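Colleague: Can you read through this structure? Questions will come right after.
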Amino acid sequence: MPQKLVIIGAGMAPGRLLDHLIAADPQAYDVTLFNAEKRGTYNRLMLSPVLSGEKTYADIVTHDDAWYVKHGVTCRFEERVLSIDPMAKMVVGEKGSVAYDKLVIATGSTPFMIPIPGHDLPGVIAYRDLEDTEAMIALGRKPDARAVVIGGGVLGLEAAAGMAARGVNVTVVHNAGHIMNRQLDAPAGGLLRADLEARGIQVLCNAASTQIVAGIDGRVRALQLADGTELACDLLVMAVGIKPNVSVAKDAGLEVNKGVVVDDRMQTSNPNIFSLGECVEHKDALFGLVAPLYDQAEVLAKTLLGQSAQFVPKELTTKLKVTGCDLFSAGDFEDGDDRESIVFHDKIRRVYKRLVIKKNKLIGAVLYGETADGVWFYNHITAGTNVASLRDQLIFGPAFDADHTQLPQSAITSDIARAASIPMIQESLQ
Ligand SMILES: Cc1cc2nc3c(=O)[nH]c(=O)nc-3n(C[C@H](O)[C@H](O)[C@H](O)COP(=O)(O)OP(=O)(O)OC[C@H]3O[C@@H](n4cnc5c(N)ncnc54)[C@H](O)[C@@H]3O)c2cc1C
């Protein structure tokens with residue numbers, strides 16, 4: 001008799017968990033899957049290509065109705081879980097309760113909305129799901145449409161580029177000195193800004209949003225900045241960050257800090273309740289990219305099947321999914337007395353590369369315009385390769401020394417050892 005497994009949330013993390021579980025032992029669990037969204041798992045990363053018109057929603061569905069039927073998963077979509085009773089081992093949904101033997105909380109994140117006046121007006125949205133994407137696509141059908149995006153990070157820029165591709169007049173408002181300041185240094189941020197401006201996107205840095213103003217129809221009409229500038233808009237997209245969605249776990253009395261606290265096996269403070277995805281906190285760390293969530297899914301599948309496995313977070317990389325803007329960033333690229341930079345800048349070809357080295361080890365890489373060597377640099381960062389003997393040619397990457405004849409053996413070995421992790425990373429960056 002299979003045990004009853006209830007999963008709250010049908011995002012990408014539990015989607016991958018189900019793939020692993022069903023591949024390993026399709027009979028192990030009788031699964032019930034709740035999702036507040038009215039659909040099952042789709043590739044959320046690919047909402048940006050849907051927005052820009054390069055893909056359709058149908059292209060990015062990973063688990064369709066037929067998949068759930070085939071694998072006997074009971075779907076309770078468009079139904080929010082209201083509470084968990086850990087003593088009775090029951091989950092209470094909007095349409096009724098269900099008992100569990102094992103429970104997985106995968107409630108993901110909610111977008112953070114800056115609480116300035118007007119943040120709750122109609123026409124002010126986040127960028128998180130298909131509905132947000134459809135609202136931006138619909139704007140593109142309106143003549144002379146204008147949008148403001150607050151937040152010049154990855155999501156904000158993907159939203160801006162997608163709307164611009166649909167003919168919307170877009171302004172990005174960013175509070176730091178350059179866009180994508182968490183992933184890029186100032187020169188790379190400047191090159192990206194110029195490429196976006198060439199597409200007609202206006203970028204305002206060091207800009208503080210103070211108020212969102214309504215029109216006579218009660219919808220958003222404009223954003224006001226601290227310097228008095230008023231930016232007229234028909235839609236305002238806030239893309240300023242996410243916070244783990246922990247309310248159900250917290251109300252159930254589980255240990256919660258910023259996220260739902262889990263151990264290396266993805267178990268919460270209750271032995272029958274597990275968690276994974278953006279809602280978790282593991283060793284004080286939160287997660288906002290899909291690669292570690294897929295690792296968590298693999299570990300949790302093994303845990304649920306009684307096998308031993310341990311989640312070990314890896315170094316992450318960043319890529320922007322805006323066609324034509326090629327950038328790559330990994331590791332730590334802050335300036336400091338204990339580190340040095342090797343910089344290559346070809347202004348004509350608009351190629352910029354900066355490698356940061358500390359104690360003969362590569363600790364960070366920022367690439368703009370030419371990113372083919374990104375994974376190779378990433379491998380050296382994560383392997384902790386001693387790059388002293390490579391210094392002269394390191395910035396040129398393997399393209400300069402294609403057969404790696406001048407690389408020390410340890411670097412070659414680490415490339416091979418790391419090869420298994422590369423497809424996962426590339427997948428997360430599609
Ligand atoms: C536009 C966009 C682009 C992105 N691009 C990248 C990228 O290029 N690379 C990358 O690595 N990451 C990217 N990300 C982040 C990545 O998509 C997320 O890390 C990942 O999807 C999170 O998966 P998850 O399963 O933890 O949570 P989510 O995908 O947030 O899923 C959680 C689900 O749980 C449901 N839920 C919440 N509470 C309840 C409840 N009480 N009852 C029932 N259901 C509930 C929600 O409705 C939601 O469907 C992007 C995200 C967005 C929005």
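The values are calculated or read from the model by the stated rules, or taken from the named source; none is laboratory data. The model shown is predicted, which means the values in this text are computed figures rather than measured ones. Please note: Cβ atoms are built from the backbone with ideal geometry, for glycine as well, and neighbour counts cover all protein chains shown.
Colleague: Quick test for you: out of Val237, Val246, pick the one residue that is surrounded by fewer than 24 Cβ atoms within 10 Å (Cβ to Cβ), over 18 Å from Leu17 (Cα atoms) and modelled with pLDDT of 95 or more.
Modeller: Just one listed residue meets the conditions, Val246.
Colleague: Go through Ile212, Ile179 for me and flag whichever is β-branched (Val, Ile, Thr), under 30 Å from Tyr378 (Cα atoms) and in contact (Cβ under 8 Å) with a residue 24 or more places away in the chain.
Modeller: Just one listed residue meets the conditions, Ile179.
Colleague: Just one of (1) farther than 30 Å from Ala214 by Cα; (2) in contact with a strand residue (DSSP E or B) (Cβ under 6 Å, 6 or more places away or on another chain); (3) surrounded by 16 or more Cβ atoms within 10 Å (Cβ to Cβ) trips up Ser109, so point out which.
Modeller: Among (1) farther than 30 Å from Ala214 by Cα; (2) in contact with a strand residue (DSSP E or B) (Cβ under 6 Å, 6 or more places away or on another chain); (3) surrounded by 16 or more Cβ atoms within 10 Å (Cβ to Cβ), the lone unmet condition for Ser109 is (1).
Colleague: Return the total of residues in segment 58-74 being under 24 Å from Glu134 (Cα atoms), outside any loop (DSSP other than H, G, I, E, B) and either of a type outside the set (Gly, Ala, Ser) or in contact with a Lys or Arg (Cβ under 7 Å, 6 or more places away or on another chain) (or both).
Modeller: Of the residues in segment 58-74, 4 are under 24 Å from Glu134 (Cα atoms), outside any loop (DSSP other than H, G, I, E, B) and either of a type outside the set (Gly, Ala, Ser) or in contact with a Lys or Arg (Cβ under 7 Å, 6 or more places away or on another chain) (or both).
Colleague: Of the numbered conditions (1) surrounded by fewer than 14 Cβ atoms within 10 Å (Cβ to Cβ); (2) farther than 16 Å from Ile8 by Cβ, Val50 satisfies every one except a single condition; which is it?
Modeller: (1)
Colleague: Something else about it: Could you identify the single residue in Ala222, Ala208, Ala194, Ala239 that is in contact with a helix residue (DSSP H, G or I) (Cβ under 9 Å, 6 or more places away or on another chain), small (Gly, Ala, Ser) and on the phi < 0 side of the Ramachandran plot? If you could, list the steps in order and put the result at the bottom.
Modeller: On the way: Ala222 fails: in contact with a helix residue (DSSP H, G or I) (Cβ under 9 Å, 6 or more places away or on another chain); Ala208 fails: in contact with a helix residue (DSSP H, G or I) (Cβ under 9 Å, 6 or more places away or on another chain); Ala194 fails: in contact with a helix residue (DSSP H, G or I) (Cβ under 9 Å, 6 or more places away or on another chain).
So the residue among Ala222, Ala208, Ala194, Ala239 that is in contact with a helix residue (DSSP H, G or I) (Cβ under 9 Å, 6 or more places away or on another chain), small (Gly, Ala, Ser) and on the phi < 0 side of the Ramachandran plot is Ala239.
Colleague: Follow-up question, since we're still on this one. Of everything in segment 295-353, what is of a type in the set (Val, Ile, Thr) and either surrounded by fewer than 16 Cβ atoms within 10 Å (Cβ to Cβ) or not in a loop (DSSP other than H, G, I, E, B) (or both)? Give them in sequence order.
Modeller: Correct list: Val299, Thr303, Val312, Thr317, Thr318, Thr323, Ile342, Val343, Ile348, Val351.
Colleague: Right, next: Are there any pairs, at least 6 apart or on different chains, whose C-beta atoms fall under 6 Å, with the first in segment 282-311 and in contact (Cβ under 8 Å) with a residue 12 or more places away in the chain and more than 14 Å from the ligand (Cβ to nearest atom) and the second assigned to a helix (DSSP H, G or I) and basic (Lys, Arg), and if so, which?
Modeller: What qualifies is Ala309/Lys302.
Colleague: Which members of segment 246-279 meet the condition of being closer than 15 Å to Ala13 by Cβ, among the acidic types (Asp, Glu) and more than 14 Å from the ligand (Cβ to nearest atom)?
Modeller: Of everything in segment 246-279, nothing turns out to be closer than 15 Å to Ala13 by Cβ, among the acidic types (Asp, Glu) and more than 14 Å from the ligand (Cβ to nearest atom).
Colleague: Next up: Can you list residue pairs whose Cβ atoms sit under 8 Å apart, with the first residue in segment 106-127 being within 22 Å of Leu47 (Cα to Cα) and the second being surrounded by 20 or more Cβ atoms within 10 Å (Cβ to Cβ) and aromatic (Phe, Trp, Tyr)? Count only pairs 6 or more apart in sequence or on different chains.
Modeller: If the second residue must be surrounded by 20 or more Cβ atoms within 10 Å (Cβ to Cβ) and aromatic (Phe, Trp, Tyr), the pairs left are Pro111/Tyr127.
Colleague: Can you find a residue that is within 24 Å of Glu54 (Cβ to Cβ), in a helix (DSSP H, G or I) and either hydrophobic (A, V, I, L, M, F, W, C) or in the same structural domain as Leu367 (by TED's automatic domain parsing) (or both) anywhere in segment 168-186?
Modeller: no
Colleague: If the requirement is being within 16 Å of the ligand (Cβ to nearest atom) and part of a helix (DSSP H, G or I), which of these qualifies: Leu82, Leu21, Leu33?
Modeller: Of the residues listed, the single one that is within 16 Å of the ligand (Cβ to nearest atom) and part of a helix (DSSP H, G or I) is Leu21.
Colleague: For the structure I just gave you, tell me whether Val261 is surrounded by 19 or more Cβ atoms within 10 Å (Cβ to Cβ), more than 18 Å from the chain's Cα centre (by Cα) and of a type in the set (A, V, I, L, M).
Modeller: Yes.
Colleague: Considering Gly218, Gly241, Gly259, which residue is closer than 24 Å to Val91 by Cβ and touching a residue at least 12 places away in the same chain (Cβ under 8 Å)?
Modeller: On the way: Gly218 fails: closer than 24 Å to Val91 by Cβ; Gly241 fails: closer than 24 Å to Val91 by Cβ.
Answer to the check: Gly259.
Colleague: Can you tell which of Leu121, Leu155, Leu139 is away from the ligand (no atom under 15 Å from the Cβ) and crowded, with 19+ Cβ neighbours inside 10 Å?
Modeller: Just one listed residue meets the conditions, Leu139.
Colleague: What pairs can you find where one residue is in segment 77-95 and in contact (Cβ under 8 Å) with a residue 40 or more places away in the chain, the other is small (Gly, Ala, Ser) and surrounded by 15 or more Cβ atoms within 10 Å (Cβ to Cβ), and their Cβ atoms are less than 6 Å apart, with a gap of 6+ or different chains?
Modeller: Hits for this filter: Glu79/Gly93; Arg80/Ala36; Val81/Gly93; Ile84/Ala252; Pro86/Ala252.
Colleague: Just to be sure I understand the filter: pairs with C-beta atoms under 8 Å, separated by 6 or more residues or on different chains, first member in segment 1-28 and acidic (Asp, Glu), second member more than 16 Å from the ligand (Cβ to nearest atom). Which pairs pass?
Modeller: Filtered contacts from segment 1-28: Asp25/Leu305.
Colleague: Here's a follow-up. Going by what's in this entry, would Asp185 be described as under 28 Å from Val351 (Cα atoms), crowded, with 16+ Cβ neighbours inside 10 Å, among the charged types (D, E, K, R) and touching a residue at least 24 places away in the same chain (Cβ under 8 Å)? Walk me through it before giving the result.
Modeller: Details: under 28 Å from Val351 (Cα atoms): yes; crowded, with 16+ Cβ neighbours inside 10 Å: yes; among the charged types (D, E, K, R): yes; touching a residue at least 24 places away in the same chain (Cβ under 8 Å): yes.
Spelling it out, Asp185 is indeed under 28 Å from Val351 (Cα atoms), crowded, with 16+ Cβ neighbours inside 10 Å, among the charged types (D, E, K, R) and touching a residue at least 24 places away in the same chain (Cβ under 8 Å).
Colleague: Could you list, ordered by first residue, the pairs with Cβ atoms under 8 Å in which the first is in segment 269-280 and in contact (Cβ under 8 Å) with a residue 40 or more places away in the chain and the second is within 14 Å of the ligand (Cβ to nearest atom) and of a type in the set (S, T, N, Q), at least 6 apart or interchain?
Modeller: Pairs that qualify, where the first residue is in contact (Cβ under 8 Å) with a residue 40 or more places away in the chain and the partner is within 14 Å of the ligand (Cβ to nearest atom) and of a type in the set (S, T, N, Q), are Leu276/Gln296; Gly277/Thr107; Gly277/Gln296; Glu278/Ser109; Glu278/Asn245; Cys279/Thr107; Cys279/Ser109; Cys279/Asn245.
Colleague: Identify, please: which residue in segment 152-207 is closer than 20 Å to Ile242 by Cβ and among the charged types (D, E, K, R) and is, among those, modelled with the highest pLDDT?
Modeller: Only one residue fits best here, namely Glu158.
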